[in-house]
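Data block below; observations after.
The values are calculated or read from the model by the stated rules, or taken from the named source; none is laboratory data. For clarity, every value in this text was computed on a predicted model and none was experimentally measured. Neighbour counts run over all protein chains shown; Cβ positions are idealised from the backbone, glycine included.
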Amino acid sequence: MTDMTRNAGKKAGPTRRGALALAGAAIGSGAITGFPTIWAQNIRNITLRQAGTGVSGLNAIAEQCKKDTGITLQLTVMDTDALAQRAATQARSFDIADIEYMTIKKVYPVGNMQAIDRKRITNADKIVPIFTTGRLTPTSNIAQGTAPHTVGFVANKTATAFQPQQTDWMTLIPTIYNADTLGIRPDLISRPIRNWKDLVDPAFKGKASILNIPGIGIMDAAMVMESLGQLRYADKGNMTRAEIDRTTAFLMEQKRAGQFRAFWKTFDESVNLMASGEVIIQSMWSPAVAAVRSRGIACTYQPLEEGYRAWGGGLGIAKHVSGLELDAAYEYLNWYLSGWTGAYLNRQGYYSAVLDTAKNFMSPAEWDFWMEGKPAAVDILAPDGKLMEKAGTVRDGGSFTERMGAVACWNSVMSEDRYMVQKWNEFIAS
Amino acid sequence: MRGAVTSWLLAAPLALVLAVFLVVPLFVLVVVSFYDYDSVRLIPDFVFTNYIEVFGSMVTWRTYAKTFSFAATVWVITLLIGFWIAYYLAFVIEGTGKRTLLFLICTIPFWTSNLIRMIAWVPFLGRNGLLNRALVGSGAIDQPLEFLLFSDFAVILAFVHLYTLFMVVPIFNTMMRIDRRLIEAAVDAGAGFWRVLWHVILPLCKPGIAIGSIFVIVLVMGDFATVRLMSGGQSASVGLMISNQISLLQYPAAAANAVVLLAVVLMMVAAILRVVDIRKEL
């Protein structure tokens, strides 16, 4: 996700339903009492500067954090690329990085972050196994691309090389993730959409769009290529030059044939393309689908047979953080996983890393709708109290296990990154 | 002697500002264009890879060709429209008050930002936009016209809308300085409308045309937002190429591209200034 989701985040205002929030605050503050009170008092004066993307850089979270722990969070929101750059080059400008796993793959080896001691994370053992073993259930496959567990661990506090196995030192504490797919306008498409290849169906000529963020766009294109049976990739998240050539050649061919109406780069663009009917099938992000729907326009986040392209993010600590500040950082991470934030994120259609604690902060109806894929028992409200889904609706793609269990690849950074970007530019310029 | 010191002191603040905010950044730009880089870091070095990639890639040439064609088309259209608007304001309208009023009306679009003026075209030109709905509704066409939005047409339309005033203002300015007696003399000597225009007004407007042309060409050559928004990301320009590289942290590549673009634009400006000596005629 990049800058587009920032807007989605902003829309989710700080207000929330009173009763639940009060309950949340009560339980939330209860959840942190296990810590030595000596510094729990001092921590109240501490400010942590968090740099992150708009996905989770939300004021509501900062306010709740202040209320529950006393720690002041100073949020700086930027897009994925700017964040990568800042984390790599201006290490002292932030204390906490709220960053994606694909970005940490580039950034962690630079050596500006410190590993997180897993033993100090209360709920570490409850973290969804996607982030630890890479398998949602013991039998699931590990998806292609930069799977979070492959860049989640290092050997010790100062090591910069990732470990293939779990260790006691984590690069990030996972916080938020989701599975992305195509968005469609069911009112303007008469046939069922089942596969990624439907994006290039000539029936939708001039009405399709793909996102123009090279690293993600090319993976959506790869999903289409595989779906058409044109190419099998060894790893869609780490293509060879030949695979990149084939994929971009295919995209150029489609572009020449007039398949695409436009390419989008920001959240608003994707929403407007879809809402105006310029485009009826395109790569999309889940809050953008919600934004189209909130205008009263039908939009489906269509599950596809080949599976999803997933992304995940987490919180990391900058190397310079030490002493009381470091204690506060750990307290913040523990608070983050203690449930309130998890529920807040789940309610926006994302997923939280520790599900058990988030469940405590959600009503059974909410849990059933968002996580179990059951029809909504009551109207489902957004965190700002606005109606999100009417009673009776079922979440697109179904339950957590159905959606996260069908991940085909993770957002990633390729070894041939530089070459890929050149070829992508060629495609856009063609 | 004291006069010389005073002049130096008077020039110093501007020189300092230009040195710090123009010369130093440009120098850094040139230096960085020889750096190497990986996905997150700049690696200080002296390599020609970035330039080899710029010149060796077909994309660069095609993108430059596209950008030139945008610049040329927009220049011709804005010049034609701008010249006649300026002519109308300067020679047809009588009375300073009325002229000033009409001139101010020309600037109304500039009361909002560039971006908003550009985006405003989207709901107008779209598939279900105002224009298409009007045309389909009136029975003029059966199918909405798709080329109106997210196309080169849309890009040029937006450019013309955005930049015509930059042509109008300097041309109008030079026209107002033309000594009206010259025109009277020409008419008295028997010259017709076109002859006056061609032999009197046009030559005297050259500095204005040159300044307007520099504005328009420089703005179009360096643009990336208009091209991206109005073409729906389907078209490329040099500015867009650079902006893509920056967003992917490929600063040295972007710097090399910027240095090349800067050289190209400077050459274009030099060519214009060679044809018209602005200083002599102002």
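Odds and ends about this structure:
- In the range B:211-228, residue nearest to the other protein chains (Cβ to nearest Cβ) [restricted to those that are surrounded by 22 or more Cβ atoms within 10 Å (Cβ to Cβ) and under 18 Å from A:ILE428 (Cβ atoms)]: B:ARG228
- Taking the criterion of being farther than 19 Å from B:GLY208 by Cβ, in contact with a Ser or Thr (Cβ under 9 Å, 6 or more places away or on another chain) and among the β-branched types (Val, Ile, Thr), the only residue of the range B:74-131 that qualifies is B:VAL122.
- B:ARG127 being free of Cβ contacts under 8 Å to residues at least 12 places away in the same chain, within 14 Å of chain A (Cβ to nearest Cβ), among the basic types (Lys, Arg) and under 24 Å from A:GLY258 (Cβ atoms): no
- At least 2 residues being out of contact with any His (no Cβ under 9 Å at 6 or more places or on another chain) and without any contact (Cβ under 8 Å) to a residue 60 or more places away in the chain is the threshold, and among the helices (runs of 4 or more DSSP H) wholly inside the range B:25-124 those reaching it are B:49-56, B:58-87, B:96-106.
- Single residue of B:PHE166, B:PHE159, B:PHE153 found to be of a type in the set (Phe, Trp, Tyr), surrounded by fewer than 18 Cβ atoms within 10 Å (Cβ to Cβ) and in a helix (DSSP H, G or I): B:PHE153
- Test: residue in the range B:231-246 that is within 14 Å of chain A (Cβ to nearest Cβ), surrounded by fewer than 21 Cβ atoms within 10 Å (Cβ to Cβ) and either at pLDDT below 90 or touching a strand residue (DSSP E or B) at 6+ places or on another chain (Cβ under 8 Å) (or both): yes
- When the range B:169-182 is filtered for residues that are surrounded by fewer than 21 Cβ atoms within 10 Å (Cβ to Cβ) and of a type outside the set (A, V, I, L, M, F, W, C), the ones remaining, listed by number, are B:ASN173, B:ARG177, B:ASP179, B:ARG180, B:ARG181.
- For the range B:163-173, a tally of residues being closer than 16 Å to B:ILE93 by Cα and over 13 Å from the mean Cα position of the chain (by Cα) returns 4.
- Matching option when the condition is farther than 30 Å from A:MET274 by Cα, in the same structural domain as A:ARG92 (by TED's automatic domain parsing) and of a type in the set (Gly, Ala, Ser), among A:GLY313, A:GLY339: A:GLY339
- In the range B:202-209 there is at least one residue matching the filter, namely being within 17 Å of B:ALA71 (Cα to Cα) and away from chain A (no Cβ under 14 Å).
- Within this structure, B:ASP152 passes the test of being charged (D, E, K, R), out of contact with any strand residue (DSSP E or B) (no Cβ under 8 Å at 6 or more places or on another chain), within 14 Å of chain A (Cβ to nearest Cβ) and closer than 30 Å to A:ASP417 by Cα.
- Per the conditions (1) touching a residue at least 40 places away in the same chain (Cβ under 8 Å); (2) under 22 Å from the mean Cα position of the chain (by Cα), the sole criterion not satisfied by A:SER227 is (2).
- Residue match in the range A:263-278 (condition: touching a residue at least 24 places away in the same chain (Cβ under 8 Å), within 13 Å of chain B (Cβ to nearest Cβ), at positive phi and not basic (Lys, Arg)): yes
- Scanning the range B:135-160 for residues that are free of Cβ contacts under 8 Å to residues at least 40 places away in the same chain and under 22 Å from A:LYS255 (Cβ atoms) yields a count of 7.
- Of all residues in the range A:378-430 being of a type in the set (Phe, Trp, Tyr) and either away from chain B (no Cβ under 14 Å) or exposed (fewer than 15 other Cβ atoms within 10 Å of the Cβ) (or both), the one that is nearest to A:ILE244 (Cα to Cα): A:TRP410
- Residue count, the range A:164-198 (criterion: assigned to a loop (DSSP other than H, G, I, E, B) and over 20 Å from A:LEU333 (Cβ atoms)): 13
- Of the residues making up the range B:28-47, none is farther than 29 Å from A:ALA87 by Cβ and surrounded by fewer than 12 Cβ atoms within 10 Å (Cβ to Cβ).
- If you go through the range A:317-344 and keep only what is among the hydrophobic types (A, V, I, L, M, F, W, C), in a helix (DSSP H, G or I), under 13 Å from A:ALA115 (Cβ atoms) and touching a residue at least 24 places away in the same chain (Cβ under 8 Å), you end up with A:ALA329, A:LEU333.
- In the range A:101-135, residue modelled with the lowest pLDDT [restricted to those that are crowded, with 23+ Cβ neighbours inside 10 Å and closer than 15 Å to A:LYS319 by Cα]: A:VAL107
- Out of B:THR67, B:THR73, sole residue that is within 14 Å of chain A (Cβ to nearest Cβ), closer than 24 Å to B:PRO170 by Cβ and modelled with pLDDT of 90 or more: B:THR67
- The residues of the range A:362-402 that are among the β-branched types (Val, Ile, Thr), over 19 Å from the mean Cα position of the chain (by Cα) and over 12 Å from A:GLN348 (Cα atoms), listed by number, are A:VAL378, A:THR393, A:VAL394.
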